1. Given the conditions (1) among the charged types (D, E, K, R); (2) at pLDDT 80 or above; (3) more than 17 Å from the chain's Cα centre (by Cα), and given that residue 189 satisfies all but one, which numbered condition is not satisfied?
2. Restricted to segment 310-319, and to residues that are in a helix (DSSP H, G or I) and closer than 13 Å to residue 339 by Cα, which residue is modelled with the lowest pLDDT?
3. So, in segment 227-246, how many residues would count as being surrounded by 14 or more Cβ atoms within 10 Å (Cβ to Cβ) and assigned to a helix (DSSP H, G or I)?
4. Between a first residue in segment 311-339 that is in contact (Cβ under 8 Å) with a residue 12 or more places away in the chain and a second residue that is charged (D, E, K, R) and buried (at least 16 other Cβ atoms within 10 Å of the Cβ), which pairs have beta carbons less than 9 Å apart while being 6 or more apart in sequence or on different chains?
5. Taking segment 193-205 only, how many residues are part of a helix (DSSP H, G or I) and either out of contact with any helix residue (DSSP H, G or I) (no Cβ under 6 Å at 6 or more places or on another chain) or buried (at least 18 other Cβ atoms within 10 Å of the Cβ) (or both)?
6. Looking at residue 223, is it within 18 Å of the chain's Cα centre (by Cα), touching a residue at least 60 places away in the same chain (Cβ under 8 Å) and in a helix (DSSP H, G or I)?
Amino acid sequence: METKHGPPRSLPSQVAPRTVVVVILTGAVVLGVLYLLWQLREVVGWCVIALFLAVALDPVVDRLQRHHVKRGIAVLLTYLGLLVAMVGLGALVVPLLIDQTQALIDFATTLSQQPEGWTGFLKDLGNLYGLGWVIDTLDQQLSELPSQLGQSVGSFLLSTGGLIESAVGFVTAFITILVVAFFLLLDGERFVDLGLGLLAEPQRPRAWRILEQSAEAVSGYVTGNLAISLICGVAVYMVLALLGIPYAVTLALIVAILDLIPQIGAPLGGALLIIFGLTIEPWYSLILLIYFVTYKVVENVLTPVVYGRSVKMRPLAVFIAVLSGGLLFGILGALLAIPVAAIIRIVGVEWLASRTRSRAPEARGAGGE
């Protein structure tokens, strides 16, 4: 019986070297790009912050454009309004903030020099539970705090080089973020068109939908975050004023700024106020503890309502995103976690929708057969 052989097949060894070279070169390029991004991570971080700032300010620019204002002038007017708001807020708050902060430092220093005046109730608790030696050790450390603080401040003032370097770095980052955000606002549409032009024609509508929804999510997140922080600051100030606690403006402003960090900002500010309350009256701390526990419950209800309308995410997803971002990238990660998670959700929903649409003709064809 004669066996017929088909046409000779090309050996895998004939194409394997080329494939290996392509894979190695591709991996090397990817690793090189990742290494470059890691080396420039600080600049990349500035650009990411500038992108979010540009997206947050873009609705204001668009609103001015709808009133027949050219985009360049609209961007300049938006930046001018932002500058006026910052200067006005600084002129209103900074002098009072400096005075109250200095008074707060003097007050804390006086109490630390006389620990018996505000830790007496702790001593009673320590003696009651057999932990008096812990309080005695704490008193000894507190009595040495002023001298140690003075030495630390003196050493810090002597090392002006590090202070100047930090100030220069902050100013450089601030100016870079503003400049990059300015050009993103000015030429953002060109960048988008350039990016869309790199995609195939059928993919462009989907990419445009993703970009549009992502911009809306970031803008809604910024607006919602500012609104929640403003509510927190005003509520804290009212509570402190009712209790007659000094330095209410300073403390309320600190808590409002900390509350910009989702989920963890309010507890941090509450812990600060509870510790401060111990330096005045112990029962102040108890009232503040009850207030912040209650406020956290209210905020946990308020936050999903705000973010639910802006970024359309479940509370559990928001909580996990903030924790993950904070653990991976610190405070910046916690701040950007929600909009990044919202963008990931938008991309995932769009991908699933495209998969469903692509499978629909196959299902109809199979049914027709």
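1. Looking at each condition in turn, residue 189 falls short on (2).
2. That would be 310.
3. Within segment 227-246, residues that are surrounded by 14 or more Cβ atoms within 10 Å (Cβ to Cβ) and assigned to a helix (DSSP H, G or I) number 11.
4. 311/216; 311/345; 312/345; 313/345; 317/345
5. So the answer is 8.
6. So residue 223 passes the test.
The values are calculated or read from the model by the stated rules, or taken from the named source; none is laboratory data. The structure displayed is predicted, hence computed values, not measured ones. Note: ideal-geometry Cβ built from the backbone for every residue, glycine included; neighbour counts use all protein chains shown.
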